[in-house]
Amino acid sequence: MNNTLVKGLQVLEALAGSERPLGVSELASMLEMGKSNVHRLLQALVELRYVVKDESTSEYSASLKVWELGNRLSLRLAIRHAAQMRMTELLEATRETIHLSVLEGREILYVHKLDSPEPVRAYSEVGGRAPAHCVATGKAILAWQPQKLLEDMAAGGLTRYTPNTIVDGPAFLREMERVRHQGYAVNRGEWRETVWGIAAPIRDSVGTVVAALGISGPSSRFKPARIKSLAALVREAADAVSLQPQAVRRSA
């Protein structure tokens, strides 16, 4: 285990649990660390914006970034809990792998999944990541992000993973418009050539898209007629999760 990381987290926990700002000497005494070591750790945490320093007193306190981090984790846990029943229903109805994803920068993070019982299926890991522009859950969330973000992505270059990946900027923006219009996204082998997916957005209590529910499987099972029926199922499930009164509520 990284000793510096452990000590840094101990400093952060001490500040987060304190009702008042703390100085270097007090923290060093509390944590039984050398003052020079505590000072170095504090400087790193300040640079990362997890800690703020009061220049008039040379005391430190945890920043709002710590609170934001906790809120994001709380939201993910709430979404995962809310989506469990609908994900199980989708698995039973489709026999395909079901994903629950959130956006992290320009990637999606898989926060929950249920594996297909079929011997040939889509593989992924909870905690794993994928490029948002070429998977269904990523596109289902991206489509409702600010237009400036989408334009920046289109202008900055999109990485190609398969011959099917959308890398042309105008084509990507048209794809985002299509997703918004139809209410769901389709991955046509854009990250892994033989894996397709369909996903729909999950919204919080004020209508902001905060996650996506997706169905993934081998391209051989995603024929046009089935895509339409799967899209209806995943939209219905995502809407049901969004509408749960306690499920996807933003922290006040």
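Taken together, the values in this text are just the output of simple stated rules run on the coordinates, not laboratory data. Predicted model, so just to flag it, every value in this text is computed and none were measured. Cβ sites come from the backbone with ideal geometry, for glycine too, and all protein chains shown count toward neighbours.
A few comments on the model shown:
- Three-way shape label, the range 3-62, alpha-carbon gyration tensor, a/c 1.5: rounded
- Euclidean distance of C-alpha centroids, the range 34-61 and the range 133-153, integer Å: 36
- Euclidean distance of C-alpha centroids, the range 164-208 and the range 63-90, integer Å: 22
- Choice from VAL102, VAL51, VAL135 with maximal GNM fluctuation in the chain (Cα, 10 Å cutoff): VAL51
- Across all directions, the shadow cast by the convex hull of the range 16-125 built on its C-alpha atoms averages 10.3 square nanometres.
- Residue with peak Gaussian network fluctuation, the chain [Cα springs, cutoff 10 Å], from HIS181, HIS99, HIS133: HIS181
- Which listed pairs, of LYS113/LYS148; LYS139/LYS228; LYS113/LYS223, have C-alpha distances above 25 Å, in listed order: LYS113/LYS148
- Over the range 137-252, the reciprocal of the mean inverse Cα-Cα separation, the Kirkwood hydrodynamic radius, stands at 14.8 Å.
- In plain terms, the chain from SER29 to ALA93 could stretch by 17.2 nm, reckoned as 0.36 nm per residue minus the Cα-Cα distance.
- Zone residues, the range 123-167, relative to LEU9, backbone N less than 17 Å from point 7 Å out along Cα-to-Cβ: none
- Principal-axis tilt of helix 64-94 within the chain, Cα atoms, nearest 10 degrees: 30
- Of the residues GLY70, GLY23, GLY138, the one that moves most in a GNM of the chain with alpha-carbon contacts below 10 Å is GLY23.
- Given [x] 73, 43, 40; [y] 102, 42, 29; [z] 68, 39, 37, the label whose value is Cα extents along the principal axes in Å derived from this model: [z]
- C-alpha long axis of helix 35-47 to longest principal axis of the chain, angle in °: 40
- A Cβ-based charge dipole, computed about the Cα centre of the range 72-243 with Lys and Arg at +1 and Asp and Glu at -1, lands at about 140 debye.
- Annotation for the range 117-173: trypsin sites (Lys or Arg not before Pro) lying in DSSP loop with at most 12 further Cβ atoms inside 10 Å of their Cβ are ARG160.
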